1. Being free of Cβ contacts under 8 Å to residues at least 60 places away in the same chain and not in a helix (DSSP H, G or I) is the filter here, so list the residues in region 223-254 that pass it.
2. Looking at region 124-160, which of its residues are part of a loop (DSSP other than H, G, I, E, B) and touching a strand residue (DSSP E or B) at 6+ places or on another chain (Cβ under 8 Å)?
3. Looking at Arg185, is it of a type outside the set (A, V, I, L, M) and touching a Lys or Arg at 6+ places or on another chain (Cβ under 9 Å)?
4. Does region 182-217 hold any residues that are under 17 Å from Val31 (Cβ atoms) and either loosely packed, with under 15 Cβ neighbours inside 10 Å or among the polar types (S, T, N, Q) (or both), and which are they?
5. Restricting to region 161-182, count the residues that are modelled with pLDDT under 95 and either among the β-branched types (Val, Ile, Thr) or part of a loop (DSSP other than H, G, I, E, B) (or both).
6. Filter region 136-158 down to the residues that are under 17 Å from the mean Cα position of the chain (by Cα) and β-branched (Val, Ile, Thr), then identify the one that is surrounded by the fewest Cβ atoms within 10 Å (Cβ to Cβ).
7. Mind checking which residues of region 192-218 are at pLDDT below 95 and within 24 Å of Ile57 (Cα to Cα)?
8. Please go through region 87-120 and give me each residue that is over 17 Å from His66 (Cβ atoms) and of a type in the set (Lys, Arg), ordered by number.
Amino acid sequence: MILFDSHCHLDDKCYDKDLQDVIERAGNENVKGIMIVGIDIKTSLKAIKIAGANKGIITSVGIHPHDAKNCSKNNLDTLINLARKNPCVKAWGEIGLDFNRMFSPVKDQENCFAKQLEIAGNLNLPLIFHERDSLGKFYDILKSDGPKSRKGVIHCFSGTKEELFKYLDLGYHIGITGILTIKERGKYLRSLAPLIPEDRILIETDAPYLTPAPQKNKTRRNEPCFVKSVLQRLANLKNTDPEDLSRVIFNNTRAFYDIEF
């Protein structure tokens, strides 16, 4: 089995004391690739530093919708420079809309989203999308703005069947997290998982969040090595060999981020 955690946050302070142990455990489970996703300048800088010191780790840069109120030209220019100067930066994100917690006003979120879509297009970087309770606005923006050749992944997909097929029709990948393994919370997602074409799936931990079963019974903190549990549950739902599926998804992820290792 060969694995790639396509979305995590190893820059989080909860890993400061044992980061190398976390990375080693991932390697022991044959996690050959890890994407650390930036959500602002500070996290993007820390992710780049971690990637520079560890083989098989790549990063993204971007401004999360929670921080859209800080989406100034200076901040965006700083992220653009980071993307241009650091070969480990392989994507832009996570970006999008989140109307659930409303840490930033709707107008700021929409403006920041649009600006970053344009920037990623200019830099020819794939996009990591975040969407929560946007009442269709997220899809409307994606449908109306940008080329069909744009690459993107719907991070931590937990939407409806209708939304799933809309995203697939736009050509996007679907990111599956440990929610898939949770008895009640993941029930609906498990009904949709067999419908996702294998060549459009990425698996992720979103660590330190969303710890999958059975690990969540022992620890609250998620980490990249636990992505194996997501893969195994997905293979079971799709009635396919886990090793075969792991190779398909690993290659999906390499192609998506345009990397070789």
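The values are calculated or read from the model by the stated rules, or taken from the named source; none is laboratory data. It should be emphasised that the depicted structure is a prediction, and the values quoted were computed from it without experimental measurement. When we count neighbours, we look across all protein chains shown, and the Cβ atoms used for this are built from the backbone with ideal geometry, even at glycine.
1. Asn239, Thr240, Asp241
2. The answer is Leu125, Pro126, Asp133, Ser134, Arg150, Lys151, His155, Cys156, Phe157, Gly159.
3. Numbers: of a type outside the set (A, V, I, L, M): yes; touching a Lys or Arg at 6+ places or on another chain (Cβ under 9 Å): no.
No: the conditions fail for Arg185.
4. Thr205, Thr211, Gln215
5. Counting residues in region 161-182 that are modelled with pLDDT under 95 and either among the β-branched types (Val, Ile, Thr) or part of a loop (DSSP other than H, G, I, E, B) (or both) gives 2.
6. Ile154
7. Across region 192-218, there are no qualifying residues.
8. Correct list: Lys90 only.
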